[in-house]
1. In whole percent, how big is the carbon plus sulfur part of the accessible area of the chain, probe 1.4 Å, protein atoms only?
2. Counting Lys and Arg as +1 and Asp and Glu as -1, what is the net charge of the other residues whose Cβ lies under 10 Å from the Cβ of R111?
3. Radius of gyration and Dmax for the stretch 141-288's Cα atoms, expressed in Å?
4. Determine the per residue accessible area of the stretch 344-394 with all protein chains present and a 1.4 angstrom probe, expressed in square angstrom.
5. Out of all DSSP beta bridges with both ends in the chain, state the antiparallel percent to the nearest 5.
6. Which whole-percent values make up P(r) of the stretch 76-227 when all C-alpha to C-alpha distances are grouped in 5 Å steps starting at zero?
7. Rounded, prolate or oblate: which fits the stretch 144-205, taking a ≥ b ≥ c as square roots of the Cα gyration tensor eigenvalues, rounded meaning a/c under 1.5, else prolate when a/b beats b/c?
8. So, how do all the Cα-to-Cα distances of the stretch 206-352 break down into 5 Å bins, in percent, from 0 on up?
Amino acid sequence: MTMSKPAPRPPAGDPDALFGLDELPATPAVPAGAAPFRDSPEARRMLEIREIHAEPAAAASPRSRQILARFPEARVTEVDSHWRIPHLHGNEGNVERWVRVKRETLVLGVRRKLVTRPNGRSADWIAPGPSNGCAMSCAYCYVPRRKGYANPITVFTDIERTLAHLGRHVAEQGRKTEPNQCDPKAWVYDIGENGDCAVDALLCDNVADLVHAFRRWPTAKASFATKFVNPDLLALDPRGRTRIRFSVMPAEDSRVLDVRTSPVARRIAAAGDFLDAGYEVHFNLSPVVIRPGWREAWAELLTHLDDVLPARVKAQARAEVIMLTHNAPLHEVNLGWHPRAEDLLWTPGLQQPKRSQNGDTNVRYRNGVKREAVDTVRALVARHAPWLEIRYAF
């Protein structure tokens, strides 16, 4: 049997060296010589990039050259800012091209600021992620609320700055001395707050660089949620230092709301492969949408989880329960491209205004409605998937 070599020890003065890095066991990888999934027809249907908008600094970077080589026929346009592209952002006409823009348009930018901010729910910290925006089209996604009428992926090509920033931040925290709901031992950093890392990995090595960095930091873990199964991630050898959270919901809801995502059954079926490849595998029960028959639908989903997941996945799995939060401007956008989704998402009789952590004014289920629904989900999990510990619910 051929074993992988342990990760090299960091040089003196490197933040990794502060922790006395131990050798970590090797983990399985995808078969040698297998064609990358990102070159498959399925991946190319997800991203058929024909138009690239690039800030000058981003265009000049090595990461940008990697991306441009993947899409040699794409038209490249220089822009002053990845936030201000007139025919993309604030252009109501793009509502009619909502999915097409996500499939065919890409933006390359650099971060003006690198900020890691506290969270305390899913993760201890929200890291500056490798992207903003997504090629998928989940009707409830909060990211397009800030961009207006178009939400393609913006890749941040200065990944080396992000890695250096995170290395310093991890070093400053030292070891976690008290367990919390995020993790009993490690500081958890969400690296995918405003995008989907599994899709980002189809474009370039930003996600691979982050996964490889965290496996060198034994006091920290990366974490990201996804609705897309990307087999290329199995080859990254995270060695237990990256948590992947597969978002799941009843299939009938997902078919309406999770546009351009992997089917829920495929996400669940992938859990064992990702665990065997060295990931920690959790689940997001998200979002929980209240509609006629929702309790029965969630009971069926949880029963499916219990029936098909291997014991080794169940033994380490945890879950987050996230009730739907919506937004009036996004409601109006959705009416322009996917009104059927709003039959499920926009229920004023059940909803009330909510001020989010980032200052946005959204709508969520009324306090009593939400409290009863959270209690119901907890009871359903206890009955149908009692092995699934709920880390938090909101």
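1. After summing per-atom areas, the C and S share lands at 53 percent.
2. Taking every other residue near R111 into account, the sum is +2.
3. 15.7, 45
4. Here the per-residue accessible area is 55 Å².
5. 25
6. In whole percents, the pair-distance histogram is 2, 9, 18, 21, 18, 13, 10, 5, 3, 1, 0.
7. prolate
8. Values per bin, smallest distances first: 2, 9, 17, 19, 17, 13, 10, 8, 4, 1.
The values are calculated or read from the model by the stated rules, or taken from the named source; none is laboratory data. Since this is a predicted model, take the numbers as computed values, not measurements. Glycine gets a Cβ as well: all are built from the backbone with ideal geometry, and neighbour counts include every protein chain shown. Surface accessibility is based on the protein's heavy atoms, side chains included, excluding ligands, DNA and RNA. Shrake-Rupley method; radii C 1.70, N 1.55, O 1.52, S 1.80 Å.
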